[in-house]
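This report refers to the structure that appears directly beneath it.
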Amino acid sequence: MRGLAVVLMLAPLGAVAEEGCLRVALAGAEAAAPALAARAEALGGHAEGLVAVVPDGVVRDAGAELLTRPGHLSFHAMIGRNGEIDPEGALIRDAGVRAAEVRSGAGGTELYLALDEAASERLARVTADLLGGTVAMALDGEVVVAPRVLEPITGGELVISGGFTGAELERMAVMMAAPLPGPLVIETVERTGCTAPGATEN
């Protein structure tokens with residue numbers, strides 16, 4: 001599994017003990033377990049297999065998508081005046097993200113993304129071929145941003161800002177940095193303590 005880096009403005013697990021946690025059992029590919037564990041940890045919880053324990057408030061505020069949505073990043077050519085993406089397929093599919101970090105910039109909160117080497121090289125080639133055109137970045141097929149290409153995007157570093165709340169950017173960071181192989185389905189949800197495996201409550 002490639003290295004992940006997720007920086008979020010969320011309270012650590014110990015700070016939400018009074019609020020309580022939810023034990024969420026999910027169904028899907030067992031191969032999703034490492035990514036699910038990374039997401040749960042970023043949210044202030046933990047996971048074993050396809051069972052995640054996360055703060056109640058996180059699930060209540062962000063919904064189930066943080067645990068169930070694949071989080072696949074792709075790039076598409078834009079066509080039409082209504083902003084639809086090219087139906088023939090993605091220019092770059094399942095782009096690898098090696099870091100996703102929510103930062104406070106001069107223009108407000110922004111999401112910094114660093115693509116892995118393969119995705120960076122493909123993005124540089126694609127944007128060099130589409131100078132003057134528009135390339136859409138999509139999350140699970142939904143367009144996030146669609147900038148006009150003024151110069152090739154080299155180095156694989158991108159910044160998303162404007163039009164999103166800090167919480168929305170944080171959710172995208174979690175999903176993009178730890179993509180699941182496919183969607184998961186919630187089977188059961190029950191209230192539980194927030195103690196991590198092997199730890200003891202004071």
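The values are calculated or read from the model by the stated rules, or taken from the named source; none is laboratory data. From a predicted model like this one, the values you see are computed outputs, not experimental measurements. Because the Cβ atoms are built from the backbone with ideal geometry, glycine has one as well, and the counts that use them run over all protein chains shown.
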### Task
Filter region 1-47 for residues that are surrounded by fewer than 18 Cβ atoms within 10 Å (Cβ to Cβ), more than 17 Å from T68 (Cβ to Cβ) and modelled with pLDDT of 50 or more and give the result.
E19, G20
### Message
Cβ contacts < 6 Å: first residue closer than 12 Å to D140 by Cα, restricted to region 84-95; second residue part of a loop (DSSP other than H, G, I, E, B), any location; separation 6+ or different chain. Result?
### Response
D94/H72
### Query
Here are E168, E110: which of them is of a type in the set (D, E) and in a helix (DSSP H, G or I)?
E168
## Note on the structure
When restricted to V135, V102, V126, the only residue among the hydrophobic types (A, V, I, L, M, F, W, C) and either under 25 Å from L43 (Cα atoms) or touching a Pro at 6+ places or on another chain (Cβ under 6 Å) (or both) is V102
### Task
Give the number of residues within region 87-107 that are part of a loop (DSSP other than H, G, I, E, B) and either touching a helix residue (DSSP H, G or I) at 6+ places or on another chain (Cβ under 8 Å) or more than 18 Å from L180 (Cβ to Cβ) (or both).
8
### Query
Do we have any residue at all in region 112-135 that's without any contact (Cβ under 8 Å) to a residue 12 or more places away in the chain, under 29 Å from G28 (Cα atoms) and loosely packed, with under 14 Cβ neighbours inside 10 Å?
no
### Query
Taking A128 and the conditions (1) in contact with a strand residue (DSSP E or B) (Cβ under 8 Å, 6 or more places away or on another chain); (2) among the small types (G, A, S); (3) under 21 Å from I92 (Cβ atoms), which numbered condition does it fall short on, given that it satisfies the others?
(1)
### Query
Which number in (1) in contact (Cβ under 8 Å) with a residue 24 or more places away in the chain; (2) farther than 20 Å from E41 by Cβ marks the one condition that E142 misses?
(1)
### Summary
In region 154-167, anything within 22 Å of E84 (Cα to Cα) and surrounded by 16 or more Cβ atoms within 10 Å (Cβ to Cβ) is listed as L158, I160, S161, F164
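Condition check: at pLDDT 95 or above and of a type outside the set (D, E, K, R). Does V97 satisfy that?
Details: at pLDDT 95 or above: yes; of a type outside the set (D, E, K, R): yes.
Yes; evaluated as a whole, the condition is true for this residue.
Do the conditions hold for A62, that is, is it closer than 18 Å to R191 by Cα and modelled with pLDDT of 90 or more? Step through it out loud before you land on a result.
On the way: closer than 18 Å to R191 by Cα: yes; modelled with pLDDT of 90 or more: no.
No; evaluated as a whole, the condition is false for this residue.
From T134, T109, T127, grab the single residue that is under 27 Å from N82 (Cβ atoms), in contact with a Lys or Arg (Cβ under 9 Å, 6 or more places away or on another chain) and of a type in the set (S, T, Y). Let's see the steps before the verdict.
On the way: T109 fails: under 27 Å from N82 (Cβ atoms); T127 fails: in contact with a Lys or Arg (Cβ under 9 Å, 6 or more places away or on another chain).
Selected residue: T134, the only one of T134, T109, T127 that is under 27 Å from N82 (Cβ atoms), in contact with a Lys or Arg (Cβ under 9 Å, 6 or more places away or on another chain) and of a type in the set (S, T, Y).
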